[in-house]
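> Would you mind keeping the following structure in view while I ask a few things?
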Amino acid sequence: MSLAKLSLAEWITAAEAEALPFAEFCLGLQVKQTELSSAEITARMEAMLAVMEESIAAGLKGPRSKGGLVGGDARKLQQYSQSRQKTLMGRFSGKAVAYALAVGEANAAMGRIVAAPTAGSSGVLPGILFALKEEYDLDQIQLAGGLIVAGAIGMVIASRASLAGAAGGCQAECGSAGAMAAGAMVALLGGTAAQVGQAVAITIKNMLGLVCDPVAGLVEVPCVKRNAGAVAQAIIAAEMALAGITSVIPVDEVIDAMESVGRSMHCSLKETAQGGLAVTPTGLELTEKISAR
Amino acid sequence: MNIFDIIGPVMVGPSSSHTAGAVRLGNAARAILGQPVIEATIGLHGSFAQTGRGHGTDLALVAGLMGWPTDDLRIPQAFDYAREAGLHYFFRTIDAGDAAHPNFVKFWLTGQNGVKSQVAGASIGGGRVVISEVDDFPLAFTGDFPTILTLHEDRPGAVAEVTGILSKCGVNIAQMKVFRKNKGGLASMVLETDQPLAEADLAAVAGLPMIKTVRCIHAISGQGV
């Protein structure tokens, strides 16, 4: 399916011309696109948020994954953070990373999640959104606005590059999820539409070239920890953008670069489990063990 | 494309292609059979055969045959529920050839009243699926739309009579294709529509002289929230 190319820069300019907060502008776009009312779209986003919140709770219980390679790390990080006055990441980032790990682990254990944009990268947005909710006192309607901004960013990436690991490597999955979360975060913290674009550009630049190399082909190793990595990149990019730092390469061009990097990536590094971590001695040993079961 | 293509679907993990897509393939196969499944042989090809178990593809396919949605929390226990429901399932590895999609599955199904159907299709990413074969007919539809599937005599006028009924009851056709095995023999029509067809109108199509069978599959994708 080939899609007409969308432009984040165009949307940013349009939002500024109409003097609309970016979340409101994106909601308006979706009303036109879906022929649903803004209340209906917001309600559906709130329903997705409820599923995300449940998946965080499920993952924090430490379920064991289907392949047996992951589970329990979200709880470990949460307990460690809660037992210390001071942590390297601080309260906000510590929570965001723990929640992202939780959703990744719930997903690997066949729990219910929201693919956002994919199942493999489903931890990033809930991690950021629910840490924001708790640490910045946001309500569910505000979070729904953040999710709509994230969705709009995802549409631009889907139209110019890809959201699938099989097509673009992990940069397309966790990289896109990180970019969507960074943009949502900037919008929710009162950043301008232009700053949303900067956060998206900086996140993708820092995750460009990330390969998809799952051990035994499962959505477990390294996928769960890569969700945590994407959260960290999103936070770094959002904070830089809010401080007024800009990307030298414009956002749409950065997305196009991700597409061309994905195209030139060898197929052994695009979800085939034929390269990278999947073919390390340990990766191969685990693959053999799992397939013998 | 809209926001719900990016945020969603709500699904049981771990993989949109190997888990959510597998549920939808099962949903489509059950809908084509048109009644509860009592016996299913499920042939797995390519990546479905190689990494399917670790992704719960096998559980997801059986869950789909029971008509469950992609986010049903019982999916990890689908085998236990299937046994309870009297659904006997058998898995085997098949080689559908190099041209087949890596996430390809073929079902041989028997329904409650003895009706049999063969259905094959693939999970093409993000939970989206394509059905590519029904009862030895090569065809193609996604299940994104309500779909009408006929088996009819390959004679002039068959298509016009069916589309005539749809036109009278205000059902708009989004896509349609006609497939046949050989000229003048049996043919199959796939009509993807914007509105579902009412029972009475479906009966009118079934009553047409050239129509052998007609089946109606309701949209299986976009279950979301």
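The values are calculated or read from the model by the stated rules, or taken from the named source; none is laboratory data. Everything numeric here is computed off the predicted structure, so don't read it as measured data. Quick reminder, even Gly has a Cβ in these numbers, built from the backbone with ideal geometry, and neighbours come from all protein chains shown. When the accessible area is computed, the model is the full protein with side chains, heavy atoms only, and any ligands, DNA or RNA have been set aside. Shrake-Rupley method; radii C 1.70, N 1.55, O 1.52, S 1.80 Å.
> Considering each of A:64, A:44 in turn, give the residue that is open to solvent by 50 Å² or more (accessible area, probe 1.4 Å), charged (D, E, K, R) and either farther than 21 Å from residue A:224 by Cβ or touching a helix residue (DSSP H, G or I) at 6+ places or on another chain (Cβ under 6 Å) (or both).
Values: A:64 fails: either farther than 21 Å from residue A:224 by Cβ or touching a helix residue (DSSP H, G or I) at 6+ places or on another chain (Cβ under 6 Å) (or both).
Going through A:64, A:44 in turn, just one is open to solvent by 50 Å² or more (accessible area, probe 1.4 Å), charged (D, E, K, R) and either farther than 21 Å from residue A:224 by Cβ or touching a helix residue (DSSP H, G or I) at 6+ places or on another chain (Cβ under 6 Å) (or both): A:44.
> Can you find even one residue in segment B:86-101 that is open to solvent by less than 10 Å² (accessible area, probe 1.4 Å) and at pLDDT below 95?
Among the residues of segment B:86-101, not one is open to solvent by less than 10 Å² (accessible area, probe 1.4 Å) and at pLDDT below 95, which makes the answer no.
> Out of the residues in segment B:1-41 meeting the condition of being polar (S, T, N, Q) and in contact (Cβ under 8 Å) with a residue 12 or more places away in the chain, tell me which one is farthest from residue B:119 (Cα to Cα).
Checking each candidate, the answer is B:15.
> In segment B:200-223, how many residues are open to solvent by 40 Å² or more (accessible area, probe 1.4 Å) and either modelled with pLDDT under 90 or farther than 13 Å from residue B:165 by Cα (or both)?
Just the residues of segment B:200-223 that are open to solvent by 40 Å² or more (accessible area, probe 1.4 Å), to begin with: B:200-201, B:203-204, B:206-207, B:209, B:212-213, B:215, B:218-219, B:222-223.
Okay, now just the ones that are also either modelled with pLDDT under 90 or farther than 13 Å from residue B:165 by Cα (or both), so B:209, B:212-213, B:215, B:218-219, B:222-223.
Number satisfying all stated conditions: 8.
> Give the number of residues within segment B:82-127 that are among the charged types (D, E, K, R) and farther than 16 Å from residue B:61 by Cβ.
Selection size over segment B:82-127: 4.
> If you go through segment A:112-132 one residue at a time, do you hit one that is within 14 Å of chain B (Cβ to nearest Cβ), surrounded by fewer than 24 Cβ atoms within 10 Å (Cβ to Cβ) and modelled with pLDDT of 95 or more?
yes
> While we're on this one: If we keep just the residues of segment B:180-196 that are of a type outside the set (A, V, I, L, M) and buried (at least 16 other Cβ atoms within 10 Å of the Cβ), which is nearest to the chain's Cα centre (by Cα)?
Per the stated criteria, the residue is B:192.
> Can you pull out every residue in segment A:251-272 that is among the hydrophobic types (A, V, I, L, M, F, W, C) and surrounded by 23 or more Cβ atoms within 10 Å (Cβ to Cβ)?
The answer is A:251, A:254, A:255, A:258.
Yes/no matrix, rows are residues, columns are (1) closer than 25 Å to residue A:70 by Cα; (2) within 12 Å of another protein chain (Cβ to nearest Cβ):
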| site | (1), (2) |
| --- | --- |
| B:4 | no, yes |
| B:13 | yes, yes |
| B:32 | no, no |
| B:50 | yes, yes |
| B:58 | yes, yes |
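> Right, here's the next one. Mind listing whichever residues of segment B:103-143 are aliphatic (A, V, I, L, M) and part of a strand (DSSP E or B)?
Answer for segment B:103-143, where residues must be aliphatic (A, V, I, L, M) and part of a strand (DSSP E or B): B:105, B:109, B:119, B:120, B:122, B:124, B:129, B:130, B:131, B:134, B:139, B:140.
> All but one of (1) in a helix (DSSP H, G or I); (2) of a type in the set (Gly, Ala, Ser); (3) open to solvent by 10 Å² or more (accessible area, probe 1.4 Å); (4) closer than 22 Å to residue A:143 by Cα hold for residue A:183, so report the exception by its number.
The failed condition is (3).
> Select from segment A:10-41 the residues that are within 13 Å of chain B (Cβ to nearest Cβ) and assigned to a loop (DSSP other than H, G, I, E, B) and write down the one among them that is least open to solvent (accessible area, probe 1.4 Å).
Residue satisfying both the conditions and the ranking: A:36.
> Does residue B:81 fit the bill of being open to solvent by 10 Å² or more (accessible area, probe 1.4 Å), in a helix (DSSP H, G or I) and either hydrophobic (A, V, I, L, M, F, W, C) or at pLDDT 95 or above (or both)?
In short, yes.
> Cβ-Cβ distance below 6 Å, separation of 6 or more or different chains: which pairs start in segment A:62-87 with a residue that is in a helix (DSSP H, G or I) and end on one that is of a type outside the set (A, V, I, L, M, F, W, C)?
Matching pairs, first to second residue: A:74/A:59; A:74/A:105; A:75/A:62; A:81/A:87; A:81/A:94.
> Would you be able to say whether some residue in segment A:149-168 is away from chain B (no Cβ under 11 Å), in contact (Cβ under 8 Å) with a residue 12 or more places away in the chain and under 27 Å from residue A:78 (Cα atoms)?
Kept after step one, since they are away from chain B (no Cβ under 11 Å), are these residues of segment A:149-168: A:160-161, A:168.
Next cut, in contact (Cβ under 8 Å) with a residue 12 or more places away in the chain only: A:160-161, A:168.
Those still in the list that are under 27 Å from residue A:78 (Cα atoms) too: none.
Taking every residue of segment A:149-168 in turn, none turns out to be away from chain B (no Cβ under 11 Å), in contact (Cβ under 8 Å) with a residue 12 or more places away in the chain and under 27 Å from residue A:78 (Cα atoms).
> Name the pairs whose Cβ atoms lie under 8 Å apart, with the first residue in segment B:74-90 and more than 26 Å from residue B:114 (Cβ to Cβ), the second open to solvent by less than 80 Å² (accessible area, probe 1.4 Å) and in a strand (DSSP E or B), and 6 or more positions between them or separate chains?
From segment B:74-90, the pairs are B:75/B:12; B:76/B:12.
> Here's another thing I want to ask about it. I'd like the full set of residues that are in contact with a Leu (Cβ under 8 Å, 6 or more places away or on another chain) and away from every other protein chain (no Cβ under 14 Å), limited to segment A:201-225.
Those that are in contact with a Leu (Cβ under 8 Å, 6 or more places away or on another chain) and away from every other protein chain (no Cβ under 14 Å): A:211, A:225.
> Name the single residue that is surrounded by the fewest Cβ atoms within 10 Å (Cβ to Cβ) among those in segment A:79-111 being more than 21 Å from residue A:174 (Cβ to Cβ) and polar (S, T, N, Q).
Checking each candidate, the answer is A:85.
Every residue, every condition in (1) in a loop (DSSP other than H, G, I, E, B); (2) within 14 Å of chain A (Cβ to nearest Cβ); (3) under 23 Å from residue B:42 (Cβ atoms); (4) not charged (D, E, K, R), yes or no:
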position	(1), (2), (3), (4)
B:156	yes, no, no, yes
B:161	no, no, no, no
B:164	no, no, no, yes
B:192	no, no, no, no
B:196	yes, no, no, yes
B:202	no, no, no, yes
B:215	no, no, yes, no
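> Considering B:142, B:51, B:110, B:70, which residue is in contact (Cβ under 8 Å) with a residue 40 or more places away in the chain, among the hydroxyl-bearing types (Ser, Thr, Tyr), open to solvent by 20 Å² or more (accessible area, probe 1.4 Å) and closer than 23 Å to residue A:115 by Cα?
B:142
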